[in-house]
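Worksheet: one structure, shown below.
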Amino acid sequence: MALTAHSTIGDWLNDPTGGPLIRGLFEQTGADPELLTPVLGLPLQQLVAMSQGQLPQSVVDDLVRAANNGEIPEDSDTSTWQETPTAARFAGKTVIVTGAASGIGRATASRIAREGGRVIAADISAEKLDALKAELPDVVTVAGDLIQQDAIDAVIAAAGDTIDGLANVAGINDDFSPAGETTDAVWDRVIAINLTAPFKLMRAVLPIMEKAGRGAIVNVSSEAGLRGNASGNAYTASKHGIIGVTKSAAFMYGPKGIRVNSVAPGGVATGIPMPPNMSEYGSGRLAPFQQAIPTVATAEHLAASITFLLSDDAVNINGAVLASDGGWSVQ
Ligand SMILES: NC(=O)c1ccc[n+]([C@@H]2O[C@H](COP(=O)([O-])OP(=O)(O)OC[C@H]3O[C@@H](n4cnc5c(N)ncnc54)[C@H](O)[C@@H]3O)[C@@H](O)[C@H]2O)c1
């Protein structure tokens with residue numbers, strides 16, 4: 001079968017033509033091909049998202065051409081999962097998605113827009129929001145730091161009188177520090193973005209949903225919301241905290257027709273940045289457990305879980321924490 005952008009990185013590396021092409025690319029950039037070990041099962045296309053802008057689409061297209069005598073072959077590979085949008089699943093619905101400029105948020109915003117929803121895409125990165133808008137012109141973009149109340153007010157104003165859904169996806173990593181090492185700066189910033197901002201967005205949308213008697217909220221947690229050995233002190237606290245916020249709101253607002261759920265992703269190949277000055281002790285403690293992650297997912301895999309919980313198909317689901325992690329949480 002021809003190598004395409006949907007062929008896995010493992011298939012590329014094992015191919016007598018594809019292997020040298022990939023290794024050559026890594027040699028050119030000075031990156032270690034060992035970095036690919038956790039993502040061998042993902043499609044080559046995923047390298048573009050993982051590189052966070054370092055690797056343009058044209059490089060993947062050039063690799064595919066180089067492996068196929070200068071042509072991009074028709075993609076007939078059905079062995080890897082491919083997103084299958086459900087037509088009009090979000091027709092007539094207004095859905096706010098935070099973190100929509102990159103990774104899981106972008107994939108969620110894109111899927112909702114392609115399924116007929118009116119998306120309010122919020123993110124701190126105006127530049128990356130512009131790129132989303134170039135691809136999906138009907139998406140309403142709102143650039144701002146969601147730590148600031150005025151950015152939250154701007155998102156609500158852009159949404160208008162009806163808000164059917166909210167996906168709180170924006171988030172940042174911590175420095176893997178254990179409690180004894182966590183600085184005020186790391187703690188305050190991680191809690192502000194991962195926990196306080198989603199709570200404030202919920203506080204803003206809930207009265208609007210209450211008036212309508214319906215609504216769906218999905219808060220993105222993490223494997224670190226389920227266990228103590230997936231990240232550092234601040235991130236682990238923020239992701240456990242967002243599950244608490246989810247359960248409380250699900251209990252309080254369930255009788256009012258509003259569903260509030262959480263998705264806990266495992267490893268996702270988005271290239272989410274790590275801060276400088278990672279804790280040496282924390283990184284060392286976490287390393288063996290991170291090597292045991294069974295699979296690394298794509299942002300589209302997570303968008304499938306998040307949009308399911310936002311959609312009416314999840315009609316009977318309220319207060320759930322859906323581990324979308326390829327089975328990591330059962331280990
Ligand atoms: N990637 C993973 O392996 C993984 C695993 C578990 C959980 N998660 C969670 O999934 C969510 C999305 O992560 P991702 O991997 O897509 O990361 P990402 O870095 O690709 O996307 C996060 C987005 O949030 C935005 N953002 C950050 N701070 C913001 C702020 N103050 N105001 C507005 N926007 C802000 C960023 O600009 C970025 O576009 C996060 O909550 C993350 O904690 C990710």
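Here are some notes:
- Condition met for THR298 (in the same structural domain as ILE258 (by TED's automatic domain parsing), hydroxyl-bearing (Ser, Thr, Tyr) and at pLDDT below 95): yes
- Restricting GLY99, GLY116, GLY105, GLY92 to residues that are closer than 25 Å to ALA204 by Cβ, in contact with a Gly (Cβ under 8 Å, 6 or more places away or on another chain) and loosely packed, with under 13 Cβ neighbours inside 10 Å narrows the list to GLY92.
- Considering residues of segment 30-85 that are farther than 22 Å from GLY103 by Cα and of a type in the set (Val, Ile, Thr) only, the residue nearest to the chain's Cα centre (by Cα): THR78
- Residue list for segment 155-204, filter: free of Cβ contacts under 8 Å to residues at least 24 places away in the same chain and within 16 Å of THR94 (Cβ to Cβ): ALA157
- Index of the failed condition, ASP145 passing every other in (1) touching a residue at least 24 places away in the same chain (Cβ under 8 Å); (2) within 14 Å of the ligand (Cβ to nearest atom): (1)
- Any hit, segment 215-223, residues being surrounded by fewer than 22 Cβ atoms within 10 Å (Cβ to Cβ), in the same structural domain as VAL139 (by TED's automatic domain parsing) and either within 9 Å of the ligand (Cβ to nearest atom) or outside any strand (DSSP E or B) (or both): no
- Check on SER125, within 21 Å of GLY171 (Cβ to Cβ) and surrounded by fewer than 16 Cβ atoms within 10 Å (Cβ to Cβ): yes
- Summed over segment 271-294, residues that are modelled with pLDDT of 90 or more, within 15 Å of the ligand (Cβ to nearest atom), touching a Ser or Thr at 6+ places or on another chain (Cβ under 9 Å) and outside any helix (DSSP H, G or I) total 1.
- Filter result (near the ligand (Cβ under 10 Å from one of its atoms) and touching an Asp or Glu at 6+ places or on another chain (Cβ under 8 Å)) within segment 126-141: LEU129
- Yes/no for ASP161 being more than 18 Å from the chain's Cα centre (by Cα), charged (D, E, K, R) and more than 15 Å from the ligand (Cβ to nearest atom): yes
- When we screen GLY257, GLY232 for residues that are crowded, with 20+ Cβ neighbours inside 10 Å and more than 24 Å from LEU47 (Cα to Cα), the only hit is GLY232.
- Contact map, segment 18-30: first residue over 15 Å from PRO43 (Cα atoms), second residue outside any helix (DSSP H, G or I), Cβ cut-off under 9 Å, separation 6 or more or different chains; pairs are LEU21/LEU3; LEU21/ASP15; LEU25/ALA31; LEU25/LEU55; PHE26/ASP32; THR29/GLN54; THR29/LEU55.
- Between GLY225, GLY244, GLY213, the distinction of being in contact (Cβ under 8 Å) with a residue 60 or more places away in the chain and either more than 18 Å from the chain's Cα centre (by Cα) or more than 20 Å from GLY160 (Cβ to Cβ) (or both) belongs to GLY225 only.
- Test set (1) closer than 19 Å to ALA134 by Cβ; (2) assigned by TED's automatic domain parsing to the domain that holds ILE152; (3) in a helix (DSSP H, G or I) - ALA100 fails condition number: (3)
- Taken over segment 228-271, the criterion of being touching a strand residue (DSSP E or B) at 6+ places or on another chain (Cβ under 6 Å) and under 19 Å from ALA204 (Cβ atoms) is satisfied by ILE242, THR246, ALA249, ALA250, ILE258, ARG259, VAL260, ASN261, SER262.
- Any pair with Cβ under 6 angstrom, 6 or more apart, that starts in segment 61-73 at a residue that is small (Gly, Ala, Ser) and ends at one that is not in a helix (DSSP H, G or I): ALA67/LEU3; ALA67/THR17
The values are calculated or read from the model by the stated rules, or taken from the named source; none is laboratory data. What you are looking at is a predicted structure, and each value in this text was computed from that prediction instead of being measured. Because the Cβ atoms are built from the backbone with ideal geometry, glycine has one as well, and the counts that use them run over all protein chains shown.
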